[in-house]
Each structure stands twice: as structure tokens, then as C-alpha cells.
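The values are calculated or read from the model by the stated rules, or taken from the named source; none is laboratory data. Nothing here was measured: the structure is a model prediction, and the numbers come from that model. Here Cβ is always computed from backbone atoms with ideal geometry, including for glycine, and neighbour counts include all displayed protein chains. These area figures cover heavy atoms from the full protein model, side chains too; ligands, DNA and RNA do not enter into them. Shrake-Rupley method; radii C 1.70, N 1.55, O 1.52, S 1.80 Å.
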Amino acid sequence: MSVHWRSIIAEIKATSSGYVLAVSGGLDSMFLLDVFERNLPSAFRVAHFDHGLRDASADEQRFVRNWCASRGVEFHGGRGDPEAMRTASSMEAEARRQRYGFLESLLGPGELVVTAHHANDQIETVIMRLMRGVPEGKLRMRKVEGRRYRPLLGVPRADIERQAKARGLEWMEDASNADLKHERNWVRHVLVPQMMERRNVLKTIGLQSNDGEGVSGRFKP
């Protein structure tokens, strides 16, 4: 299975004339940033939201800011309220609320927030929503939801990592992504690998979508 990069880039160019990229500094978002810089250099701005929950988060924002400064890319930095996140009934939900509130506050007319969600994220989201009893019609993320756009939703993470390494991209690792007390990390590192031993859920869940999106072709962006 190979990714049809040409179609993905053409779709991005046709979807909007302006974007705000949500860049954490991790592998996925730095790859997304590289795709935009190569193919749509004048159509995007970059935003980084520091949740303030980890000591390293300030370094991550500095990393993204410096990347943008070295290339003349407009950068917007925000910081959350970590106490409100820690005392919320769901820290993850409150962190998401604050993050998207910041990102969407930056949008101008016609602009979309772009995130680097990929096919593996889709698997995790479907499983977590099933666990929480979300109605069947709302289990999957869509490429476009309101003013949020996920152009890499049909791309396996392995392809993103392969391309990023081949290009010599730099990124920062979030150590909290290995902490199994967070439900998504448990799904990612424990449940999904066990499911993959029985069935290729990347193909049956991650690469299927409500929009009929697929992946094919061999063009590299």
C-alpha cells in the first residue's frame, strides 16, 4: 500500500487559500509543516499551543518558533491554563477545548485550522469513542469538520515517519506519549498492537472513512 501524495497536495491547494497549522513540534506536525512549506509556502501560518502541563513544553514552543523564524514563517504562540486542565472532570477534554479555542481565535475569513491527524489516530479515536458509548455515526473523524481540516487522515503513521526520516526532518519527542495512565496512550501502545495480532485494523478501521477516502499511488511530495 502506498500513499497518493499528489492527490493529497492537490486537495490541500483546492480546499482553502489560507491555513493555520497546529504544530506541536512532534513528528507528525513537523512533517505536515514540511509538506506545506514545500508546496504552499505563502498559504499558511503556524500556531503552537503550550498546555503548560510539562516542563519541556516551553522548549517545544521555542523549537517551533525558531523553525518559523529561520524560514520567515508567521508564528503564533499560546499558553493554556494548566490548573483548569488538572481540575477538570476530563483533563484531556479541557486541554482540547483550550487548544482549539486558541487555534480558532486566530482564523481569518476562509481560513482553516490544519492538524496532522493520520490513519493511526483514526483507529485510536474510533476505539476510544466506542469505549465511551459514542453513537455509531459519530465514531470517525472526518477530513473537514467545521473549520478544522485533517489532510493526512488517510495516511498511515509509518509512511509519515519514513518520509520524515528520509528528508532529515527534526522534531521533538513528547515523553508523556508513553504514559499509559492516559487512555489514548493505553489504546495506542497496548490495545491496538494486540488487535493487530488478530486483524489488520489499520486497513479495516484506519484507512476507511465516512468520506470514501483511500490511499494509492507513489508520488512523493
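Provide the per residue accessible area, probe 1.4 Å, for the chain, rounded to a whole number of square angstrom. Please list the in-between numbers first.
Numbers: 11520 Å² over 221 residues.
On a per-residue basis, 52 Å².
How far apart, in nm, are two points set 7 Å out from the Cα along the Cα-to-Cβ line at Thr204 and at Glu92?
2.2 nm
Within 10 Å of each candidate Cβ there may be at most 11 other Cβ atoms; applying that plus a DSSP loop requirement, which trypsin sites (Lys or Arg not before Pro) in the range 176-206 survive?
Numbers: sites: Lys181, Arg184, Arg188, Arg198, Arg199, Lys203; in loops: Lys181, Arg199.
Here the trypsin sites (Lys or Arg not before Pro) that fit, given the DSSP loop and packing criteria, are Lys181, Arg199.
Binning every alpha carbon pair distance of the range 76-179 at 5 Å from zero, what are the percents per bin?
2, 10, 13, 20, 22, 20, 10, 3, 0
Looking at the P(r) of the range 1-70, how many percent of alpha-carbon pairs lie beyond 13 Å? All intermediate terms of the calculation are to be shown ahead of the outcome.
On the way: 1634 of 2415 pairs.
In whole percent, the share of Cα-Cα pairs in the range 1-70 beyond 13 Å is 68.
Using the Cα centre of the chain as the reference point, and only Cβ charges (+1 on K/R, -1 on D/E), how large is the resulting charge dipole? Debye, rounded to the nearest 20.
Details: 34 positive and 29 negative charges, 132 e Å.
Computed about the Cα centre, the dipole is about 640 debye.
Restricting attention to the range 13-108, which GluC sites (Glu not before Pro) occupy a DSSP loop and are surrounded by at most 14 other Cβ atoms within 10 Å?
Details: sites: Glu37, Glu60, Glu74, Glu83, Glu92, Glu94, Glu104; in loops: Glu74.
Filter output for the range 13-108: Glu74.
Over the alpha carbons of the range 1-130, what is the largest minus smallest coordinate on each principal axis, giving the biggest first in Å?
That works out to 44, 39, 28 Å along the principal axes.
Of Lys13/Lys203; Lys13/Lys138; Lys138/Lys203, which ones are farther than 24 Å apart at the Cα? Intermediate results must be reported in sequence, preceding the final value.
On the way: Lys13/Lys203 27 Å; Lys13/Lys138 27 Å; Lys138/Lys203 19 Å.
From Lys13/Lys203; Lys13/Lys138; Lys138/Lys203, over 24 Å: Lys13/Lys203; Lys13/Lys138.
Fully extended, how many nm does the chain gain between Ala10 and Arg79 (0.36 nm per residue separation, minus their Cα-Cα distance)? Don't skip to the end; give the middle numbers.
Numbers: separation 69, 0.36 × 69 = 24.84 nm, distance 3.32 nm.
Using 0.36 nm per residue and subtracting the Cα-Cα distance, I get 21.5 nm.
Can you pull the one-decimal nm distance between simple spin-label points at Glu173 and Trp186, each 7 Å off the Cα toward Cβ?
Between Glu173 and Trp186, the label points sit 2.4 nm apart.
For labels at Asn39 and Val134 in the simple 7 Å Cα→Cβ model, what's the distance in nm?
About 2.6 nm separates the two model spin labels.
Over the chain, consider all pairs of different Cα atoms and compute the Kirkwood hydrodynamic radius from their mean reciprocal separation; express it in Å, one decimal. Intermediate values should be presented prior to the final figure.
On the way: mean 1/r = 0.0550 Å⁻¹.
Value: 18.2 Å, from the Cα pair sum.
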